[in-house]
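The values are calculated or read from the model by the stated rules, or taken from the named source; none is laboratory data. Model, not experiment: these values are computed from the prediction. As a convention, Cβ positions derive from the backbone with ideal geometry for all residues, glycine included, and neighbour counts pool all protein chains shown. These accessible areas exclude ligands, DNA and RNA; they are computed on the full protein's heavy atoms, side chains included. Shrake-Rupley method; radii C 1.70, N 1.55, O 1.52, S 1.80 Å.
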Amino acid sequence: MSETNANDGSRCGATTDTDAAATDTSESKCGGSKSETSESKCGGSKSETSESKCGGSKSETTDENVTATADDFDADPGRLVAVGLGPGEASGMTARATEALRGVEHIVGYTTYVDLLPDDVVEGAEDVYSTPMCGEVSRTEEAVDRALAGNEVAIVGSGDPNVYALGGLALEILESKGGSASAVDFEVVPGVPAAQSCAARLGAPLVNDTVSISLSDHLTPMPTIESRLHAAAKEGFTIAIYNPWSRKRRENYQKCCEILLEHRDPETPVGIVHAAGREDEETEIVELRDLPELGESDLVDMTTTLLVGNDETYVWDGRMVTPRGYERKYEY
C-alpha cells in the first residue's frame, strides 16, 4: 500500500486534449490543469499565495472547481462507495462498513478520519489519499475521478455519509462531470451518526422528535442557522447541535446559547459529548444556563456534539431521559 498526500499528483488516469503536449507547469494527472504554484484540483493543496476561508491557502485562479469530465476517462468506470465510519473507534464501525473498506482498492478522505481507520483496513488498500480540513470538494472529486478511471474507491467520513457529510456531494460532482451513479455502481454504506452515538453515551435523550443543526457557517449562512434554531427551540424539539464552537466561530456559539435560553427553561438538561469514540472522549450533562460559559473550555469544540433536551427531558441516575409519551397511554 502506498500513501499519497497533498503534494503528490493524482492517480486518476484521466486523459485530456492537452496530454500529448503537457508540460510540468500545466499537467494534472486527474485531467485538469494546474500552475506551478498549485497542486491538482483533484485533491491537492492550493497555492500558498492567497488565504483560504477555511484557514488554508489557495489561489483565486485554482478554486475548487470540477475539472475532468466522464468523457476524459478511457477505462470502464469502477465503483464508488461512500462509507460512514460511525463515532470514531474501530468497534463503532458497522460490519458492513469494514467489509466495504476491505473490498476497495483506493480509500479517500479527510486526514483525521483516515487516521481513525483500523490498521488492517489501511494496509489492505493499494492507495490511501487524504487531505486536510476544508478540502471537501477536492477530495470528493479525487474519489469520483478514481472511480471513473476504473478503480474500486471508498470515500470515508465519520458518522453517516448522509448527515453533514459527502454522500450528496459525491453524486453532485459525478453528475456535473456527465457521469452516472449506476455507471460507477455508487453505493452508500451508512454509519452511526454523531447524534445517535453521543445520545447512547448520555442515556436516552433522543427518544422523541429531534432536529439536528450544525453551527458551522462554512456552507450555511448564520442567519439561516439562527432561523432554524429559533424554530426548533420554539417548537419544543430535542436539538442535536453539531460543530458548536471554534476560535473563528465564537459568535455562532454565543448566539446559539442566546436563542436557546430565549425559548427554553434555563434548567433544561444539555448533554455534552466531546470527541466521541476517540482517546480524549469526555461526557458531561449540564443545565442550559451553564452552556454559555463552556464555550471557552476544552469540553466544547468542533468535535463536540450538544444534545439539548425538550420541555420534558429530565436527568435520572446520571442519565438524560426524554419521554416518548407512553406514560400518557399506559400504566406502568
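From the list Asn243, Asn310, the lone residue that is touching a Leu at 6+ places or on another chain (Cβ under 8 Å) and buried (at least 21 other Cβ atoms within 10 Å of the Cβ) is Asn243. The residues of region 181-216 that are open to solvent by 50 Å² or more (accessible area, probe 1.4 Å) and part of a helix (DSSP H, G or I), listed by number, are Gln196, Ala200, Arg201.
Yes or no: region 253-268 includes at least one residue that is closer than 25 Å to Pro221 by Cβ, hydroxyl-bearing (Ser, Thr, Tyr) and touching a residue at least 40 places away in the same chain (Cβ under 8 Å).
There is at least one residue in region 253-268 that is closer than 25 Å to Pro221 by Cβ, hydroxyl-bearing (Ser, Thr, Tyr) and touching a residue at least 40 places away in the same chain (Cβ under 8 Å).
Number of residues in region 267-321 that are polar (S, T, N, Q) and over 26 Å from Ser91 (Cβ atoms): the value is 4. Number of residues in region 254-281 that are outside any loop (DSSP other than H, G, I, E, B) and surrounded by fewer than 16 Cβ atoms within 10 Å (Cβ to Cβ): the value is 3. Screening Leu219 on (1) of a type in the set (A, V, I, L, M, F, W, C); (2) free of Cβ contacts under 8 Å to residues at least 60 places away in the same chain; (3) surrounded by 19 or more Cβ atoms within 10 Å (Cβ to Cβ) shows it passes everything except condition (3). For region 217-229, which residues satisfy the criterion of being touching a Cys at 6+ places or on another chain (Cβ under 9 Å) and in a loop (DSSP other than H, G, I, E, B)? Hit for region 217-229 is His218, nothing else. Within region 78-95, the only residue that satisfies the criterion of being within 20 Å of Tyr242 (Cα to Cα) and part of a helix (DSSP H, G or I) is Gly92. Of everything in region 282-307 that's open to solvent by 40 Å² or more (accessible area, probe 1.4 Å) and closer than 15 Å to Leu261 by Cα, which residue is nearest to the chain's Cα centre (by Cα)? Top of the filtered list is Pro292.
Of all the numbered requirements in (1) in contact with a Phe, Trp or Tyr (Cβ under 7 Å, 6 or more places away or on another chain); (2) closer than 30 Å to Glu141 by Cβ; (3) of a type outside the set (A, V, I, L, M, F, W, C), His218 misses one, and that requirement is (1). Tally up the residues in region 76-92 that are out of contact with any strand residue (DSSP E or B) (no Cβ under 7 Å at 6 or more places or on another chain), touching a residue at least 12 places away in the same chain (Cβ under 8 Å) and open to solvent by 10 Å² or more (accessible area, probe 1.4 Å), please. The number of residues fulfilling the criteria is 5.
So that you can scan it fast, the table gives a plain yes or no per residue for (1) assigned to a loop (DSSP other than H, G, I, E, B); (2) buried (at least 18 other Cβ atoms within 10 Å of the Cβ); (3) not basic (Lys, Arg):
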residue	(1), (2), (3)
Ala97	no, yes, yes
Ala100	no, yes, yes
Val104	yes, yes, yes
Gly109	no, yes, yes
Thr112	no, no, yes
Leu117	yes, yes, yes
Val121	no, yes, yes
Ser130	no, yes, yes
Met133	yes, no, yes
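For region 137-172, the set of residues classified as in contact (Cβ under 8 Å) with a residue 60 or more places away in the chain, more than 26 Å from Gly124 (Cβ to Cβ) and in a helix (DSSP H, G or I) consists of Val137 only.
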